[in-house]
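The values are calculated or read from the model by the stated rules, or taken from the named source; none is laboratory data. Small disclaimer: the values here were computed from a predicted structure and weren't measured. Quick reminder, even Gly has a Cβ in these numbers, built from the backbone with ideal geometry, and neighbours come from all protein chains shown.
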Amino acid sequence: MNTYSVDEIIEGTIIVIRPFGAIMIFEDGQKGLLHISEIANSFIRNINRYLKIGKTYQVKVIGIESDGFLKVSMNKITAEEKEEYRNKVLKRTPVDSQYIDFEALKNELPKWIEKEKNNGQSK
């Protein structure tokens, strides 16, 4: 169940924002809490100025509950860790263009264009 470890840097997406923090969901479906005190090293009056629902953020795992619920932090990530994580993410293997198939798009595009032309004339 638990695929993460304490001190690991991971990416998660904000799904709920509350006055005390935000609930995040991670790649494997696990959820966690980003407490308001773990967002920045200063007092936060309005959490919505720092976080947005649906946006992805890098966080550090600072605790794991017995049920797998994660406690995460943004302000405990050092500059070196951010750089190391960024370099690791950038080294993903690119997909060879010969394996990308745009045939479905090619077939549907003329239909979409015609549909939009017809919608524009009826207005």
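Observations on the structure shown:
- Verdict on I25 being of a type in the set (V, I, T) and within 13 Å of the chain's Cα centre (by Cα): yes
- For first residues located in the range 65-84 and in contact (Cβ under 8 Å) with a residue 12 or more places away in the chain, partners that are part of a loop (DSSP other than H, G, I, E, B) and β-branched (V, I, T) and lie 6+ apart or on another chain with Cβ distances below 7 Å form the pairs M74/I39; N75/I39.
- Taken over the range 54-100, the residue count meeting the criterion of being assigned to a loop (DSSP other than H, G, I, E, B) and at pLDDT below 85 is 7.
- Among the conditions (1) surrounded by 13 or more Cβ atoms within 10 Å (Cβ to Cβ); (2) under 14 Å from the mean Cα position of the chain (by Cα); (3) free of Cβ contacts under 8 Å to residues at least 60 places away in the same chain, the only one that Y50 does not satisfy is (2).
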